[in-house]
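Undergrad: Before we start, here is the structure in question, set down as structure tokens.
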Amino acid sequence: MAKILVIDDEKAIRRSIKEILEFEKHSVEEAEDGQMGLNMALRNNYDIILSDIKMPKLDGIELLQKLNESEVTAAIIMMSGHGTIETAVDAVKSGAYDYLAKPIDLNRLLVSVRNALEKTELVTETKILKKKITKSVDMIGNSPAIQAIKDLIEKVAPTDAKVLITGSNGSGKELVARWLHEKSNRANGPLIEVNCAAIPSELIESELFGHEKGSFTSAVATRKGKFEMAEGGTLFLDEIGDMSLSAQAKVLRALQENKITRVGGDKEIKVNVRVIAATNKDLEKEIEKEAFRRDLFHRLNVIPIHVPSLDARKEDIPVLSHHFLELICGEMGISKKVMSADALKALQSRSWQGNIREFRNVIERLIILGGKEISAEDVKQFS
């Protein structure tokens with residue numbers, strides 16, 4: 001059921017539209033002119049606004065412009081008895097979701113309202129999801145090491161400089177990459193992640209650069225690669241130290257020329273992508289073993305960021321505990337548990353070889369198996 005505002009200076013039209021929509025179980029309110037409609041729209045949260053174009057005090061196009069300048073998120077459907085194709089085009093260009101000519105066709109009205117409602121629901125879901133994603137990329141910690149990373153990200157993110165993130169498994173390299181993207185000028189573009197260690201060496205080139213139909217046995221259709229999918233955004237090459245040398249050569253060319261060629265093709269495709277790479281390996285040692293290209297290393301290592309292990313920043317464990325207690329209890333739909341001072345000391349006294357990933361798992365286990373106030377004994381028993 002949607003909450004709908006109908007704005008029209010003709011009472012009979014308002015009432016007929018209201019009856020139709022209320023029969024469909026929607027909640028409908030009325031406004032007799034554009035100014036009244038604007039005031040109501042700014043005071044209330046409507047899912048859909050149906051507005052006439054020719055009205056006293058404030059016409060529909062002016063109303064539409066003012067609503068677009070405000071924080072109103074309702075889908076706006078314009079109506080007119082003096083409509084032409086030009087009027088409809090102008091309305092949509094001005095930000096209307098749809099345009100209905102009078103006399104209003106019942107089926108056309110219901111289809112437009114249904115589609116507009118789906119659109120507003122999708123916008124709402126997208127906002128909620130974006131808030132969750134933004135929350136998930138928060139870097140938790142007040143230690144000098146984490147603060148230094150935050151400061152560096154603030155400087156580097158707005159640029160297109162390539163970044164090489166190093167650190168042990170589970171330390172939060174992916175989080176740094178996400179933060180760099182979220183704070184960049186490419187934040188509205190895609191963030192495409194590739195785990196180079198998880199893709200077989202014979203498939204990595206197809207995964208990154210795409211392939212043409214028939215280029216190999218299972219290539220039954222042309223397919224875009226991750227470079228093309230990341231157009232206008234960021235490509236995150238995780239565990240790049242595990243990439244094959246042949247793929248490294250092609251990545252180097254893509255970084256140098258901003259062009260790629262699909263496997264089995266000969267056409268050069270321009271790409272506009274920022275590349276961020278991460279590894280848990282010492283790439284300089286990999287270069288000595290001839291397992292990694294020196295020229296690619298220097299191309300990627302414009303801005304190096306090292307993510308410290310959790311053992312190197314144990315002063316962050318109290319704030320991390322609070323964060324994960326709140327996050328995980330929220331996900332489980334249970335009241336937030338608390339951590340005793342002795343439990344925090346117990347967590348700080350042990351070694352965290354799995355870093356943040358291991359720490360989160362332990363907190364989840366303590367929430368499930370520990371008491372309402374998690375004690376040092378719970379930590380000893382369940383971690």
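Undergrad: So ARG14 fits all but one of (1) in contact (Cβ under 8 Å) with a residue 24 or more places away in the chain; (2) surrounded by 13 or more Cβ atoms within 10 Å (Cβ to Cβ); what number is the exception?
TA: Single failed check for ARG14: (1).
Undergrad: What is the residue count in segment 17-52 for residues that are in contact (Cβ under 8 Å) with a residue 24 or more places away in the chain, charged (D, E, K, R), within 15 Å of LEU63 (Cβ to Cβ) and not in a strand (DSSP E or B)?
TA: Total meeting the criteria: 2.
Undergrad: Whether any residue in segment 225-243 is in the same structural domain as GLU284 (by TED's automatic domain parsing), in contact with a Cys (Cβ under 9 Å, 6 or more places away or on another chain) and assigned to a loop (DSSP other than H, G, I, E, B) is what I want to check.
TA: yes
Undergrad: Mind listing whichever residues of segment 318-369 are more than 20 Å from LEU175 (Cα to Cα) and acidic (Asp, Glu)?
TA: ASP342
Undergrad: Report yes if ALA177 is of a type in the set (A, V, I, L, M) and within 26 Å of GLU358 (Cα to Cα), otherwise no.
TA: yes
Undergrad: Just a yes or no: is a residue in segment 151-158 under 16 Å from GLU231 (Cα atoms) and basic (Lys, Arg)?
TA: There is no residue in segment 151-158 that is under 16 Å from GLU231 (Cα atoms) and basic (Lys, Arg).
Undergrad: Against the condition within 21 Å of GLU121 (Cβ to Cβ), in contact with a Gly (Cβ under 8 Å, 6 or more places away or on another chain) and not charged (D, E, K, R), how does ILE48 come out, does it pass?
TA: So ILE48 fails the test.
Undergrad: For segment 272-383, please list each of the helices (runs of 4 or more DSSP H) lying entirely inside it that holds at least 2 residues being within 28 Å of LYS226 (Cα to Cα), touching a residue at least 60 places away in the same chain (Cβ under 8 Å) and in contact with a Pro (Cβ under 7 Å, 6 or more places away or on another chain).
TA: The helices (runs of 4 or more DSSP H) meeting that bar number zero.
Undergrad: I need the full set of residues from segment 245-282 which are surrounded by 17 or more Cβ atoms within 10 Å (Cβ to Cβ) and among the small types (Gly, Ala, Ser), in order please.
TA: ALA247, ALA254, ALA277, ALA278, listed by residue number.
Undergrad: Can you tell me which of (1) modelled with pLDDT of 95 or more; (2) closer than 23 Å to VAL176 by Cα is the one ILE374 doesn't meet?
TA: Of (1) modelled with pLDDT of 95 or more; (2) closer than 23 Å to VAL176 by Cα, only one is false for ILE374: (2).
The values are calculated or read from the model by the stated rules, or taken from the named source; none is laboratory data. Note that the structure is predicted; figures quoted are calculated from it, not measured. Cβ: placed from backbone, ideal geometry, glycine included. Neighbour counts: every protein chain shown.
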